[in-house]
1. What nm value, rounded to one decimal, do you get for the distance between Arg123 and Thr161 when each label is placed 7 Å out toward the C-beta?
2. Check which residues have an amide H placed less than 5 Å from Cys226's amide H, if you skip close sequence neighbours.
3. Can you give the charge dipole size of the chain about its Cα centre, rounded to the nearest 20 debye, using +1 on the beta carbon of Lys and Arg and -1 on the beta carbon of Asp and Glu?
4. Is the shape of the stretch 15-142 rounded, prolate or oblate, going by the alpha carbon gyration tensor and its root eigenvalues a ≥ b ≥ c, with a/c under 1.5 for rounded and a/b larger than b/c for prolate?
5. At 1.4 Å probe radius, can you tell me the per residue accessible area of the stretch 1-64 in Å²?
6. Using helices alone, what [θ] at 222 nm do you get for the chain, with -39,500 (n - 2.57) per DSSP H run of 4 or more residues, divided over all residues and rounded to the nearest 500?
7. What shape does the stretch 95-211 have by the C-alpha gyration tensor, where a ≥ b ≥ c are the square roots of the eigenvalues, rounded means a/c under 1.5, and otherwise prolate means a/b greater than b/c and oblate the rest?
8. Just going by the charge dipole of the chain, with Lys and Arg at +1 and Asp and Glu at -1 on Cβ, which of Ile56, Ala151, Val140 is farthest out on the positive end?
Amino acid sequence: MRVEIWTDINCPFCYLGKARFEQALAEFPQRAEVEVVHRSFELDPTLPADETGPVIAKIARKYGISEAQAAANERGIGAQAGELGLPYLTEGRDYGNSFDMHRLLHFALAKGRQDELLDALYRANFAEEASLFGDAERLVEIAVGTGFEEAEVRAVLADPTAYADAVRADEREAARLGANGVPFFVFDNKYGVSGAQPPALFTQALERAWADREPVLQIVGDAESCGPDGCAVPSRD
């Protein structure tokens, strides 16, 4: 069985959703027979490659809230990450164009080590102070640190067409499936789960997809996710 997961490195709920899904997958009896493939989804494909800036300021501008409110939102996401054992910087993070990262993830998929690189990119974005965006040398450092050959990584980054078609194909497929936000999980091309759902829901999806071979895609979930307009700001009581 194949599980495809559409994500973007900019998306904090993708970071959380991956961990929650993996909790469910670890307990799934047929775990060894499940193939997981990560697909590309850019939250803002129009963002210039050289544009970066503070996440908190961007959130405040996008939603018309104060930076104090945006910072509180980041602390809330950080608390959720902490519950999963994930490190999360609630201050000092930036945002930027993720297209080159998606190209590298397809390169890593071809090498059979996509999951490792995705984890490294998530850590770099959400848990490390050094900027991840707008710096090819930073991407080289991360990929090489994950075990990829430096010359191959540099060759991919130097050629803007390398794996670009694969990224665009993923994005077209997401649109065809009706995914307008991430994370978005597709189980054996039958069932879709949207958002960073609790592990129990992922368990249900795994079990149902395994048992049911009807080729019908059904989308469920109202959990927090990131879409073209950004990441939803959780309500605060």
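The values are calculated or read from the model by the stated rules, or taken from the named source; none is laboratory data. From a predicted model like this one, the values you see are computed outputs, not experimental measurements. Note that we place each Cβ from the backbone using ideal geometry, even for glycine, and neighbour counts take in every protein chain shown. Heads up: the accessible areas ignore ligands, DNA and RNA and are worked out on the full protein's heavy atoms, side chains in. Shrake-Rupley method; radii C 1.70, N 1.55, O 1.52, S 1.80 Å.
1. For Arg123 paired with Thr161, the spin-label model returns 3.5 nm.
2. Val182
3. That gives the chain a dipole magnitude of about 500 debye.
4. Because a/c hits 1.5 or more and a/b fails to exceed b/c, the stretch 15-142 counts as oblate.
5. Details: 2760 Å² over 64 residues.
Dividing the accessible area of the stretch 1-64 by its residue count gives 43 Å².
6. Theoretical 222 nm ellipticity from helices: -15000 deg cm²/dmol.
7. On the way: a/c = 2.02, a/b = 1.71, b/c = 1.18.
Verdict is prolate for the stretch 95-211.
8. Farthest towards the positive end: Ile56.
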